Amino acid sequence: MKAPPVRIKRTAHSLLSLKRHKLLYLMILPGFLYFIIFKYLPMGGLIIAFQDYQPYLGITGSPWVGFKHFIRLFTEPTFLMLLRNTLILFALNIVIFFPLPIILALMLNEVRHKMFKSAIQTIIYIPHFLSWVIIVSISYVFMNVDGGVLNEIIAALGGHKISFLTSPEWLRTVYIGQIIWKELGWSTIIYLAAITVVDTQLYEAAEMDGAGRLRKTWHVTLPAIRPVIITLLILKIGHTLDLGFEHMYLLINSLNREVGEIFDTYIYTAGLKNGQLSFSTTVGLFKGVVGLVLVVLANKLAKKVGEDGVY
């Protein structure tokens with residue numbers, strides 16, 4: 001049975017396009033290999049979530065236990081605590097942090113002095129290149145009860161010293177504050193890039209209609225970068241349960257663990273410290289499935305309201 005002529009033409013056209021743009025495809029190859037090797041191939045290890053995995057027996061020799069670890073995850077008292085802490089921190093991240101890079105990018109776009117603008121961008125980009133260990137260490141120097149700069153200022157003004165680093169009431173504030181400090185500047189890059197491609201004729205037309213800077217920002221710039229905002233928001237929603245391990249692990253201690261323990265730190269505790277590899281894999285699989293479902297739902301919702309979505 002011969003292939004339809006249309007299919008043959010499409011195949012030939014695809015091969016011709018591949019040959020013509022081979023250098024472009026070659027540039028994609030490192031990223032493609034990265035995702036295959038480090039993202040897709042490790043998925044095969046998810047099978048141990050359904051086993052009582054023992055390293056000396058291997059995947060093929062470890063006994064199957066079905067959904068035993070999932071039942072344990074959903075019935076343990078710690079599950080609700082982990083879910084509550086993770087969702088609260090994610091909500092704070094979305095409500096407080098997510099809009100700030102947009103606002104900062106809009107403000108930087110209005111700066112007309114190029115040297116001053118470049119200096120500001122350099123200053124706010126630097127914290128991104130510092131590790132969380134350094135960020136938390138600097139915060140410790142400033143917020144420590146014994147000799148911390150911030151507490152010394154509070155005491156000098158007649159106030160009582162505050163245990164920022166051990167108090168459960170202050171943990172989330174410190175967490176969000178450190179994220180803002182480290183990632184705010186770097187997160188503006190993609191918004192500034194989106195703003196640069198806005199048609200200047202739109203600004204000229206708005207100016208002819210009597211619009212000032214604020215009006216042009218609200219009626220021209222924001223609608224122009226809305227697709228970028230929606231796309232990044234959808235991708236952010238996919239990380240609802242994936243807040244990152246290192247940052248929170250450096251902040252939590254025995255005094256604030258009740259409000260600071262999240263899925264990422266729990267996986268480390270259960271998997272590496274306690275040797276429960278199958279159970280920790282189950283928690284990771286749960287996080288991944290929830291993230292995938294939320295991305296799909298958010299993408300469908302975006303399309304229903306007239307946006308392009310991620311795919």
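The values are calculated or read from the model by the stated rules, or taken from the named source; none is laboratory data. These figures come from a predicted structure and were not determined experimentally. Cβ coordinates were reconstructed from backbone atoms using ideal geometry, including for glycine residues, and neighbour counts include every protein chain displayed. The protein model used for the area step is the full one, side chains on, heavy atoms only, and it has no ligands, DNA or RNA in it. Shrake-Rupley method; radii C 1.70, N 1.55, O 1.52, S 1.80 Å.
Of the residues in segment 273-311, how many are in a helix (DSSP H, G or I) and either in contact with a helix residue (DSSP H, G or I) (Cβ under 8 Å, 6 or more places away or on another chain) or not aliphatic (A, V, I, L, M) (or both)?
If we filter segment 273-311 for residues that are in a helix (DSSP H, G or I), which is where we start, we get 273, 277-304.
Filter once more, so that each one left must be either in contact with a helix residue (DSSP H, G or I) (Cβ under 8 Å, 6 or more places away or on another chain) or not aliphatic (A, V, I, L, M) (or both): 273, 277-288, 291, 294-295, 298-300, 302-304.
Residues that pass the stated criteria total 22.
Test PHE286 against the stated conditions and say whether it is among the aromatic types (Phe, Trp, Tyr), within 26 Å of VAL133 (Cβ to Cβ) and surrounded by 17 or more Cβ atoms within 10 Å (Cβ to Cβ). Explain how you work it out, then say what you get.
Numbers: among the aromatic types (Phe, Trp, Tyr): yes; within 26 Å of VAL133 (Cβ to Cβ): no; surrounded by 17 or more Cβ atoms within 10 Å (Cβ to Cβ): yes.
No: the conditions fail for PHE286.
Here is a yes/no grid of residues against (1) part of a helix (DSSP H, G or I); (2) surrounded by fewer than 16 Cβ atoms within 10 Å (Cβ to Cβ); (3) more than 22 Å from the chain's Cα centre (by Cα):
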| residue | (1), (2), (3) |
| --- | --- |
| VAL174 | yes, no, no |
| GLY177 | yes, no, no |
| ILE180 | yes, no, no |
| LEU184 | yes, no, no |
| ALA194 | yes, no, no |
| ALA205 | yes, yes, yes |
| THR217 | yes, no, yes |
| THR221 | yes, no, yes |
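For segment 88-116, which residues satisfy the criterion of being open to solvent by 30 Å² or more (accessible area, probe 1.4 Å) and among the small types (Gly, Ala, Ser)?
Within segment 88-116, ALA91 is the sole residue that qualifies.
Can you report the number of residues in segment 117-147 which are aliphatic (A, V, I, L, M), loosely packed, with under 11 Cβ neighbours inside 10 Å and not in a helix (DSSP H, G or I)?
Number of matching residues: 0.
What are the residue pairs meeting all of these: first residue in segment 225-238, first residue at pLDDT 90 or above and polar (S, T, N, Q), second residue open to solvent by 50 Å² or more (accessible area, probe 1.4 Å) and not in a helix (DSSP H, G or I), Cβ atoms under 8 Å, and 6 or more apart or on different chains?
From residues that are at pLDDT 90 or above and polar (S, T, N, Q), the pairs are THR231/ASP308; THR231/VAL310.
List every residue pair whose Cβ atoms sit under 6 Å apart, with the two residues 6 or more apart in sequence or on different chains, where the first one lies in segment 89-112 and is touching a residue at least 40 places away in the same chain (Cβ under 8 Å) and the second, anywhere, is not in a helix (DSSP H, G or I).
What qualifies is LEU89/LEU243; PHE90/THR240.
Which of the residues belonging to segment 45-87 are farther than 19 Å from TYR266 by Cβ, open to solvent by 50 Å² or more (accessible area, probe 1.4 Å) and assigned to a helix (DSSP H, G or I)?
Within segment 45-87, ILE47, PHE50, ILE59, THR60 qualify.
What is the residue count in segment 255-277 for residues that are open to solvent by 10 Å² or more (accessible area, probe 1.4 Å), in contact with a Gly (Cβ under 9 Å, 6 or more places away or on another chain) and more than 17 Å from HIS239 (Cβ to Cβ)? Spell out the reasoning first.
To start, the set of residues in segment 255-277 that are open to solvent by 10 Å² or more (accessible area, probe 1.4 Å) comprises 255, 257-259, 261, 264, 266-269, 272-277.
Narrowing the set further to residues that are in contact with a Gly (Cβ under 9 Å, 6 or more places away or on another chain) leaves 264, 267, 277.
Of the ones still in play, those that are also more than 17 Å from HIS239 (Cβ to Cβ) are 277.
Residues meeting the conditions: 1.
Among the numbered conditions (1) in contact with a helix residue (DSSP H, G or I) (Cβ under 6 Å, 6 or more places away or on another chain); (2) open to solvent by 10 Å² or more (accessible area, probe 1.4 Å); (3) part of a helix (DSSP H, G or I), tell me where VAL198 comes up short.
Evaluating VAL198 over (1) in contact with a helix residue (DSSP H, G or I) (Cβ under 6 Å, 6 or more places away or on another chain); (2) open to solvent by 10 Å² or more (accessible area, probe 1.4 Å); (3) part of a helix (DSSP H, G or I) leaves (3) as the failure.
Quick one: would you say LEU232 is crowded, with 17+ Cβ neighbours inside 10 Å and either touching a helix residue (DSSP H, G or I) at 6+ places or on another chain (Cβ under 7 Å) or in a helix (DSSP H, G or I) (or both)?
On the way: crowded, with 17+ Cβ neighbours inside 10 Å: yes; either touching a helix residue (DSSP H, G or I) at 6+ places or on another chain (Cβ under 7 Å) or in a helix (DSSP H, G or I) (or both): yes.
For LEU232, the condition - crowded, with 17+ Cβ neighbours inside 10 Å and either touching a helix residue (DSSP H, G or I) at 6+ places or on another chain (Cβ under 7 Å) or in a helix (DSSP H, G or I) (or both) - is met.
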